[in-house]
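Everything below concerns the one structure shown next.
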Amino acid sequence: MTSRLKLGAQALAVALVLGLFALLIWKVAQGSHKEAAPGKPAPDFTLSRIGGPGDLQLSSLRGKAVVLNFWASWCSPCKREAPALQAVSKTWGKRVVVLGVDVNDFQGDARGIMRKYVTTPKYGLTGLPETFFLDRRGRIVEHVPGEVRAADLNSGVERALRA
């Protein structure tokens, strides 16, 4: 009887693992339910400005192409891509807005919570940095997960301006 009980427990454990594996495959096949994807309007948000007073609402930037970059101060790839982002801002001038959203930094509990729950789920971030290119209508035209290169930045901006 003990060996039957042991065999039944093992069979149950295997069935549970297979069920969890099937659930994982189903979730991956369905994709994430993030709101942000190429071809869709960029999810709007309002956040406090870090370098000055007031708030900034993403939708207030309509009419310009936007490079939306999610970053954190502790993120090494974020630091490496910063000069390229700054160069894009200088090169394209007033036609393009480079907007950095600082996530996962400790700059006050309320601001951290707001960033975590207002922007991160909507954009389905899987890591940092991540960059989205928005056209003048506020639609996402391209998404670059991970560190973005200068060539990717320029092609993304050109695509956003053409759209």
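A few points about this structure:
- When Leu128, Leu58 are compared by accessible area at a 1.4 angstrom probe, the order from most to least is Leu128, Leu58.
- Surface calculation, 1.4 Å probe, protein heavy atoms: Glu158 sits at approximately 80 Å² accessible.
- Per-residue HN-Hα couplings for segment 63-73 [Karplus 6.51, -1.76, 1.60; θ = phi - 60°; Hz; x = Gly/Pro]: x, 10, 6, 10, 9, 9, 10, 9, 8, 8, 5
- In the context of the full protein assembly, Arg139 retains an accessible surface of approximately 80 Å², using a probe radius of 1.4 Å and ignoring ligands and nucleic acids.
- In Å², nearest 10: area of Thr91 left accessible to a 1.4 Å probe: 100
The values are calculated or read from the model by the stated rules, or taken from the named source; none is laboratory data. Worth saying up front: this structure is predicted, and the values here are computed from it rather than measured. Note: accessible area is taken over every heavy atom of the protein model, side chains too, but ligands, DNA and RNA are not part of it. Shrake-Rupley method; radii C 1.70, N 1.55, O 1.52, S 1.80 Å.
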